[in-house]
Amino acid sequence: MIDVKLLSENPDSFRASQRARGADESLIDAILAADTVRRESIASFEALRAEQNVFSKKVGKAKGEEKQALLAEVKELSLNVKAASAASDEAAAAFTALQRSIPNLILDGVPSGGEDDFTVVKHVGTPRDFAAEGFEPRDHLELGELLGAIDMERGAKVSGSRFYFLKGIGARLEIALMNMALDQAVQNDFIPMITPTLVRPETMQGTGFDVAHDDEIYKLERDNLYLVGTSEVALAGYHADEILDLSQGPTRYAGWSSCYRREAGSAGKDTRGIIRVHQFNKLEMFVYCSPEESEEQHAKLLAWEEEMLAKVELPYRVIDTAAGDLGMSAARKFDCEAWVPTQGDYRELTSTSNCTTFQARRLNIREREIGADGKPGKTRSVATLNGTLATTRWIVAILEHHQNPDGSVNVPVALRPYLGGMEVMQVL
């Protein structure tokens with residue numbers, strides 16, 4: 001949720017942000033107008049209530065006919081107060097609805113435009129030249145079947161399309177990857193968390209997901225609960241309505257969970273294999289920090305993601321996502337995309353977002369400021385950030401990039417201790 005005080009002081013910045021996102025600029029003027037109506041309605045209600053209190057005291061002191069006359073006035077005034085209260089509530093609701101409809105203010109430097117308007121920050125590593133090596137690379141599904149690692153057919157039989165079984169070395173590979181990521185997170189002061197995968201509507205909405213219109217979200221109608229698409233949701237809700245002590249620096253969590261996405265808008269896209277599926281596992285970094293630290297923490301999250309990509313020896317690029325492709329909560333997002341040989345393209349493996357104070361405002365998560373005299377002061381919203389450290393999709397790039405002509409796959413050196421020292425995944 002945006003800071004309305006900041007918006008009223010810098011409306012042009014918010015208009016520019018909306019313009020860069022391809023969003024409705026008129027919402028800025030609408031919320032400013034709604035804020036004016038809200039304030040005026042509150043003032044009117046409070047003035048009438050004060051007048052009512054004065055009259056109530058007069059009635060208590062009056063006698064006879066004077067008292068009867070005052071009682072009649074009090075009755076009329078009471079009706080006016082009730083109407084003013086209703087008008088104030090209505091104005092507040094209209095204002096809040098508008099406030100929740102405006103996405104986060106983007107940070108300086110974020111590219112304008114849509115999905116294809118990202119900026120490439122850098123390339124790391126070189127894609128393998130399979131033609132020079134003398135063989136045609138197999139895709140990850142064919143390799144997974146040769147290794148006995150992926151079973152899509154039985155996944156579809158049991159659960160439907162875009163479900164799968166990871167078995168044998170496939171299951172071991174995912175667990176090894178997640179454990180390596182978890183070890184790295186712990187070494188960098190992240191607190192490990194196994195998070196709920198079902199959350200309440202207010203938690204999902206508080207994180208910035210539109211439960212009313214987002215076709216990607218699974219809902220359990222009977223229980224009014226939602227399946228999360230990332231443990232970010234549960235980790236963001238973890239400290240809702242709390243005041244955090246960040247005097248010793250950021251609080252960092254590493255959430256391990258299964259994640260669920262309907263992929264409703266991707267019919268016919270990436271239907272082969274496990275690139276775009278309904279259920280997957282993910283280790284998600286989540287950070288609470290003071291607003292002034294958010295950009296520094298964002299850079300650290302990106303560096304930790306790149307460290308993981310280096311460990312699995314994948315060529316990748318980092319992109320600065322364009323404003324129109326950002327989620328509602330993100331003020332800036334960097335993606336790390338690994339090269340997938342059989343697609344001849346880079347595909348997203350990780351992303352990290354700086355949500356500034358947007359989620360914390362919606363979830364009422366604050367810190368207490370410390371004055372120059374060292375004494376506690378007023379509270380303010382904290383900043384939240386998130387970033388993926390490992391997920392099921394990594395298996396796609398690992399299998400394809402490290403394959404051999406016979407269908408076997410070399411295990412990246414850093415991953416070998418997590419697979420009992422295995423150097424090569426052999427064809428069955």
Checklist entry - Would you pick out the residues in segment 348-382 that are crowded, with 24+ Cβ neighbours inside 10 Å, outside any loop (DSSP other than H, G, I, E, B), touching a Cys at 6+ places or on another chain (Cβ under 8 Å) and not polar (S, T, N, Q)? => result Leu349
Next on the checklist: Can you report the number of residues in segment 189-213 which are β-branched (Val, Ile, Thr), within 16 Å of Val287 (Cα to Cα) and assigned to a loop (DSSP other than H, G, I, E, B)?
Outcome noted: 1
Checklist entry - Which residue pairs have Cβ atoms closer than 7 Å, lie 6 or more positions apart in sequence or on different chains, and pair a first residue in segment 239-263 that is assigned by TED's automatic domain parsing to the domain that holds Gln297 and within 13 Å of Val382 (Cβ to Cβ) with a second residue that is part of a strand (DSSP E or B) and aromatic (Phe, Trp, Tyr)? => result His239/Tyr288; Leu244/Tyr288; Leu246/Tyr288; Pro250/Tyr288; Thr251/Tyr288
Checklist entry - Just a yes or no: is a residue in segment 286-301 surrounded by 20 or more Cβ atoms within 10 Å (Cβ to Cβ) and over 21 Å from Cys336 (Cα atoms)? => result yes
Item to check | Hits in segment 329-384 - residues which are among the charged types (D, E, K, R) and out of contact with any strand residue (DSSP E or B) (no Cβ under 7 Å at 6 or more places or on another chain) | outcome: Asp345, Arg362, Asp373, Lys375
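From Leu246, Leu283, which residue is touching a helix residue (DSSP H, G or I) at 6+ places or on another chain (Cβ under 7 Å) and not aromatic (Phe, Trp, Tyr)?
Details: Leu246 fails: touching a helix residue (DSSP H, G or I) at 6+ places or on another chain (Cβ under 7 Å).
Of the residues listed, the single one that is touching a helix residue (DSSP H, G or I) at 6+ places or on another chain (Cβ under 7 Å) and not aromatic (Phe, Trp, Tyr) is Leu283.
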Checklist entry - Which of the residues that make up segment 390-428 are outside any strand (DSSP E or B), among the polar types (S, T, N, Q) and farther than 19 Å from Gln343 by Cα? => result Ser408, Gln426
Item to check | Residues (over 26 Å from His140 (Cα atoms) and among the aliphatic types (A, V, I, L, M)) located in segment 260-301 | outcome: Met285, Val287, Ala299, Leu301
Next on the checklist: If I filter segment 170-185 for residues that are in a loop (DSSP other than H, G, I, E, B) and touching a strand residue (DSSP E or B) at 6+ places or on another chain (Cβ under 9 Å), do I get at least one hit?
Outcome noted: no
Checklist entry - In segment 20-34, which residues are part of a helix (DSSP H, G or I), surrounded by 14 or more Cβ atoms within 10 Å (Cβ to Cβ) and out of contact with any Ser or Thr (no Cβ under 7 Å at 6 or more places or on another chain)? => result Arg21, Ile28, Ala30, Ile31, Ala34
Checklist entry - Name the pairs: first residue in segment 44-58 and under 15 Å from Ala84 (Cα atoms) and in the same structural domain as Ala87 (by TED's automatic domain parsing), second residue β-branched (Val, Ile, Thr) and modelled with pLDDT of 75 or more, Cβ to Cβ under 6 Å, at least 6 apart or on different chains? => result Leu48/Val81; Arg49/Val81; Gln52/Val81
Item to check | Test result for Lys282, assigned by TED's automatic domain parsing to the domain that holds Ala390, without any contact (Cβ under 8 Å) to a residue 40 or more places away in the chain and either closer than 30 Å to Val409 by Cα or among the hydroxyl-bearing types (Ser, Thr, Tyr) (or both) | outcome: no
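Is there a residue being assigned to a loop (DSSP other than H, G, I, E, B) and over 24 Å from Arg361 (Cβ atoms) anywhere in segment 226-238?
no
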Item to check | Failed criterion for Ala69 (all others in (1) crowded, with 17+ Cβ neighbours inside 10 Å; (2) among the hydrophobic types (A, V, I, L, M, F, W, C); (3) modelled with pLDDT under 95 hold) | outcome: (1)
Next on the checklist: Being without any contact (Cβ under 8 Å) to a residue 60 or more places away in the chain and outside the structural domain of Leu314 (by TED's automatic domain parsing) narrows it down to one residue among Glu90, Glu145, Glu136, Glu153; which is it?
Outcome noted: Glu90
Checklist outcome for this item: Checked Arg162, Arg172 against criteria (on the phi > 0 side of the Ramachandran plot and either in contact with an Asp or Glu (Cβ under 6 Å, 6 or more places away or on another chain) or surrounded by 13 or more Cβ atoms within 10 Å (Cβ to Cβ) (or both)); the one match is Arg162
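The values are calculated or read from the model by the stated rules, or taken from the named source; none is laboratory data. For clarity, every value in this text was computed on a predicted model and none was experimentally measured. Because the Cβ atoms are built from the backbone with ideal geometry, glycine has one as well, and the counts that use them run over all protein chains shown.
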